[in-house]
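The values are calculated or read from the model by the stated rules, or taken from the named source; none is laboratory data. Keep in mind that what you see is a predicted model, and the values were worked out from it rather than measured. Cβ sites come from the backbone with ideal geometry, for glycine too, and all protein chains shown count toward neighbours.
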């Protein structure tokens, strides 16, 4: 498939953007601004944060006529919005939204971190306290590893009658957005096939969540009405069956969703668009049961939608599956907006749409477009090759001829950590091992930089500053790896996590009373959301946040 020249591509994108805005304007206005409604204050109402996992900003041009188009038409659209940190993964990406802090200050560097005190890798939101046991499950979860508060916490501190709820497919999305003291946080536990919470928040689920789950989700709960298969049209951009896609749930339509076995159903529902549908269904239950936005107080509802991410990982952002998933997401958001408009006065409703990160293209797609930038011709780096380079670098310098280099360094969970006890026992300065590893890695043509902590603390260029914002002392490995653009350490499908534009360019739309609609090209980052909401709604944030207050109504 031939590529459009850059100029034509920009022109085509501009036409699509204009069409989206026009289509949105044809709908019934979501945020009507009559003279009476313009008198709204910010003492009560509802703030809704919709975080679409892995939604790249450029993918907004794929939708037309639905909720996304309406938000683009009636909200303030920050068309240069990005992540302000370099490790673009889910846990830190959701945490920055409402804390106003980069990962180096909110404490969550990635989906896992290396606990130097304990000497092991931990999940970003795991908790050793038995009181944080997941209801019905075996894991322990809480926000305690996130060493920061959120907009919801700031609000509840000043206005105790406010309610804060967070609902998502992923625990790390729901917990990170919910903050330290929310009223309820619910997520989908694949091991149970149910929505649940942890003992940190409550010792029991509210009756409406129990009813939503049912006694058996596939029989009398939220899975009962779902189809056996997800079927979709052939994509517009490439064949449905495409090289590089992950075949685990079929590379072509249809893909399994619900089966007779509950565990299998949970596993196949999770990477399907129906995961977003049931998440929105539960969010609407929370909205109704808790009377959010209609109680005479200012409330918060965070909704994390993960199907764009799970589908994207398997098939890539240009796939038939990704196209259909985004179309279905738009329909689910239509239902959510309808529920919001029927229960919350339009002059008391604020909506933020954003994402935690983007995603890389399939390398095979980039090769077909003749635009692959990775020095490795396939665009895919094997764990074996990378690990071999690391361990060979150790062996030839420190463990030759009979020592085992694996005793010197750990790669657990992707964290590159030198065994300091081993180095000292061998009479070697651990810093010398780190430098040797850095040299070995940077000799590879697909490695741009292996960042040491001391380099990040004094970073002068943009890449270094981005990676420094993802470096958490005591929780980050000894080296942060920056691969060349378009290079993936992945066998199939695609992923994210880099500092490149495809992983950091995200949508950011803010809509509601006091917000002027239109496209805004001021610099914006997702870390700005919390401070901006606080300023808009008269809430006092903590001092010295990283985020800036975005201009929402003309120049100021």
Exercise. Looking only at region 228-253, count how many residues are within 27 Å of the chain's Cα centre (by Cα), part of a loop (DSSP other than H, G, I, E, B), free of Cβ contacts under 8 Å to residues at least 60 places away in the same chain and more than 19 Å from residue 313 (Cβ to Cβ).
Key: 1
Quiz item: Tell me, which residue of region 491-515 that is over 16 Å from the mean Cα position of the chain (by Cα) and surrounded by fewer than 20 Cβ atoms within 10 Å (Cβ to Cβ) is nearest to residue 384 (Cα to Cα)?
Solution: 491
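Listed here are the residues, each with its yes/no results for (1) touching a helix residue (DSSP H, G or I) at 6+ places or on another chain (Cβ under 8 Å); (2) under 18 Å from residue 528 (Cα atoms); (3) buried (at least 24 other Cβ atoms within 10 Å of the Cβ).
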{"residue": "152", "(1), (2), (3)": "yes, yes, yes"}
{"residue": "158", "(1), (2), (3)": "no, no, no"}
{"residue": "166", "(1), (2), (3)": "yes, no, yes"}
{"residue": "179", "(1), (2), (3)": "yes, yes, yes"}
{"residue": "186", "(1), (2), (3)": "yes, no, yes"}
Quiz item: Residues of region 391-418 being closer than 30 Å to residue 89 by Cβ, surrounded by fewer than 17 Cβ atoms within 10 Å (Cβ to Cβ) and without any contact (Cβ under 8 Å) to a residue 24 or more places away in the chain, which ones?
Solution: 406, 407
Quiz item: closer than 25 Å to residue 95 by Cβ, out of contact with any strand residue (DSSP E or B) (no Cβ under 8 Å at 6 or more places or on another chain) and not in a loop (DSSP other than H, G, I, E, B) - does that describe any residue in region 175-186?
Solution: yes
Quiz prompt | Flag for residue 450 being crowded, with 21+ Cβ neighbours inside 10 Å, closer than 23 Å to residue 120 by Cα and free of Cβ contacts under 8 Å to residues at least 60 places away in the same chain | solution = yes
Self-check item: Test: residue in region 246-258 that is at pLDDT below 95 and more than 20 Å from residue 492 (Cβ to Cβ)
Solution: no
Quiz item: Being in contact (Cβ under 8 Å) with a residue 60 or more places away in the chain and in contact with a strand residue (DSSP E or B) (Cβ under 6 Å, 6 or more places away or on another chain), is that true of even one residue in region 116-130?
Solution: yes
Quiz item: If a residue has to be out of contact with any helix residue (DSSP H, G or I) (no Cβ under 8 Å at 6 or more places or on another chain), closer than 30 Å to residue 489 by Cα and surrounded by 13 or more Cβ atoms within 10 Å (Cβ to Cβ) to count, how many in region 199-238 make the cut?
Solution: 0
